[in-house]
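A short worksheet on the structure shown next.
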Amino acid sequence: MSVEEPFPREINYLRVSITDRCNLRCFYCTAWGTWEKLPAPEILRYEELLRIAAVAPKVGIRKIRVTGGEPLVRRGVVDFIQALHEVPGLEEVCLTTNGVKLQELAQALYDTGLRHLNLSLDTLERDRYLKITGSDNFLEVMAGLEKAAALGFNPLKINCVVLNGINDDELLNFALLTRDYPYQVRFIEFMPTVDPERWAHHFLPMAEVRRRLKVLGPLEPLEPEGTAGPARIFRLPGFRGDLGFISSVSDHHCPTCNRLRLTAAGRLRPCLFAGQELDLKVPMRQGATDELLASLFQDAIRLKTCESGYRSLDSPLPGRAMVSIGG
Ligand code: SF4
């Protein structure tokens, strides 16, 4: 198969970054020392985001995940998520948050019809949380998780980036959360988003993570849902929740990748790792038709080749900070 040939997979999932602002400073996310936030006019307005969301189902998108930066820091996010639920052709609306404002907004988000919630949480220890994120918000985040669970968000997923020498001694504790709660805890391989040396120091392959969890029992594989992301999902016998493993580096999932990304600046990315981007904002602000926007989506889908993903272990993400892409 030639590298440039499109892969026969269904692209039905769009991750939409609605802001590059965040109330945390996770050390592995972005080179904060040199990072500059987007000028506000460069960030897509909600009506522009909704227009793109309305075009997306016309090219096969059925699921939209709202991300950031941290999406809950943007004013009007609850109304935006409400409006997304009214977009014809969209079957699923999801949110990924770092949870700092979750306790405050959980009820309002739940009232929009939102049910699919992912919480980014890399430790269950307060002091370590401060080390990783640069902020002492651990207690708020845990209170937000409790509130979301009590309200009945389902699926309620916890995304944990595994950092060798930092939180890899908490793998069992994270996994044991699924014994007592119907959460889906997903372990995510650390991607080379900052300097390669630091990345190589903290990278722990998913195979090692799974090896360490063997003491809890045999992992029973579960079938992924139609619009599911890259996680390989398992359940431990007798546990209420599931475990997911996302190995973007050591065992990438390009052949089954079903997603596109829209950056906060309005650029469509066929792949997290590839440098190509298609600008939707400028054409839209110059009066482009929905047909033209749909054809730009088609172009982005055509650019998703089967090997466009991660090529080599020492090349950081091309050209854009993770905080602006939304993972
Ligand atoms: S965008 Fe996510 S990973 Fe980056 S600093 Fe914010 S919470 Fe952390």
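The values are calculated or read from the model by the stated rules, or taken from the named source; none is laboratory data. The model shown is predicted, which means the values in this text are computed figures rather than measured ones. Counting neighbours? That spans all protein chains shown, and the Cβs are built from the backbone with ideal geometry, glycine included. Just so you know, the surface numbers come from the protein's heavy atoms only, side chains and all, with ligands and any DNA or RNA stripped out. Shrake-Rupley method; radii C 1.70, N 1.55, O 1.52, S 1.80 Å.
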If one takes the longest principal axis of the Cα atoms in the chain, at what angle in degrees, from 0 to 90 and to the nearest 10, does the Cα axis of helix 171-180 lie? 90 degrees
Using a 1.4 Å probe on the protein heavy atoms only, what accessible surface does K147 show? Give it in Å² to the nearest 10. 80 Å²
Which distance in nm do the two modelled labels at V215 and A143 give, with both placed 7 Å along the Cα-to-Cβ direction? 3.4 nm
Which of L268, L151, L72 ends up with the largest GNM mean-square fluctuation for the chain, with Cα atoms connected below 10 Å? L151
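Please figure out what share of the DSSP beta bridges in the chain is antiparallel and state it in percent, rounded to the nearest 5. Each step should come with its number before you reach the end.
On the way: 10 of 42 bridges.
Expressed as a percentage, antiparallel bridges in the chain total about 25.
Report, in debye and to the nearest 20, how large the dipole of the stretch 148-268 comes out about its Cα centre when Lys and Arg carry +1 and Asp and Glu carry -1 on their Cβ.
Values: 14 positive and 13 negative charges, 51 e Å.
Dipole magnitude for the stretch 148-268 comes out near 240 debye.
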Between V282, V141, V93, where does the largest GNM mean-square fluctuation fall for the chain, given springs only between Cα atoms within less than 10 Å? V282
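To the nearest 20 debye, what charge dipole does the stretch 21-121 have about its Cα centre, counting +1 at the Cβ of each Lys and Arg and -1 at the Cβ of each Asp and Glu? Write out the running numbers ahead of the final one.
Numbers: 13 positive and 11 negative charges, 40 e Å.
Its charge dipole is roughly 200 debye.
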Ordering H201, H252 by how much accessible area each has at a 1.4 Å probe, largest first, what is the list? H201, H252
Heavy-atom accessible surface of the stretch 115-259: percent carbon and sulfur, 1.4 Å: 52 percent
If you line up the long axis of helix 46-55 against the longest principal axis of the chain, both from Cα atoms, how many degrees apart are they, to the nearest 10? 80 degrees
Shape call, the stretch 1-159: gyration tensor on alpha carbons, a/c limit 1.5: prolate
Residue-normalised 222 nm signal for the chain, counting each DSSP H run of n ≥ 4 as -39,500 (n - 2.57), nearest 500 deg cm²/dmol, is -8500 deg cm²/dmol
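For T289 and N23, calculate 0.36 nm times their separation in residues minus their Cα-Cα distance, and state this gained length in nm to one decimal. All intermediate terms of the calculation are to be shown ahead of the outcome.
On the way: separation 266, 0.36 × 266 = 95.76 nm, distance 3.57 nm.
Roughly 92.2 nm would be gained on extension.
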Taking amide H positions as placed in the peptide plane 1.01 Å from N, state which residues far from K157 in sequence (5 or more) or on other chains have amide H under 5 Å from it. L117, N118, L119, Q184
Test of understanding: what is the full-extension gain from L50 to A228, defined as 0.36 nm times their sequence separation minus their Cα-Cα distance? 61.8 nm
What list of ³J(HN,Hα) values in whole Hz, one per residue of the stretch 99-107 in order, does the Karplus curve 6.51 cos²θ - 1.76 cosθ + 1.60 (θ = phi - 60°) give from phi, with Gly and Pro shown as x? x, 4, 9, 5, 4, 5, 10, 4, 4
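Restricting to Cα pairs below 8 Å that are 6+ residues apart, what does the relative contact order work out to for the stretch 13-325? Please round to a whole percent.
Values: 606 pairs, mean separation 63.2, N = 313.
Rounded, it is 20 percent for the stretch 13-325.
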Which value, in debye to the nearest 20, describes the size of the charge dipole of the chain about its Cα centre when Lys and Arg Cβ atoms bear +1, Asp and Glu Cβ atoms bear -1, and nothing else is charged? 120 debye
Can you work out the FRET efficiency for the pair D79 and Q107, with r the C-beta to C-beta distance and R0 = 22 Å, to the nearest 0.05? 0.90
Per residue Cα convex hull volume in Å³ - calculated over the stretch 13-325: 123 Å³
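Once you order the gyration tensor axes a ≥ b ≥ c over the Cα atoms, which shape class does the stretch 96-228 get: rounded for a/c under 1.5, otherwise prolate or oblate by comparing a/b with b/c? Before the final figure, lay out each step's value.
Values: a/c = 1.76, a/b = 1.26, b/c = 1.40.
The shape class here is oblate.
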Which cross-chain or sequence-distant (5 or more) residues have an amide H under 5 Å from the amide H of L222, H modelled 1.01 Å from N in plane? I233, F234, R235
Comparing R128, R267, R115 in a Gaussian network model of the chain (Cα, 10 Å), the one with the largest mean-square fluctuation is R128
What distance in nm separates the simple spin-label points at A150 and E42, each placed 7 Å from Cα in the Cβ direction? 4.2 nm
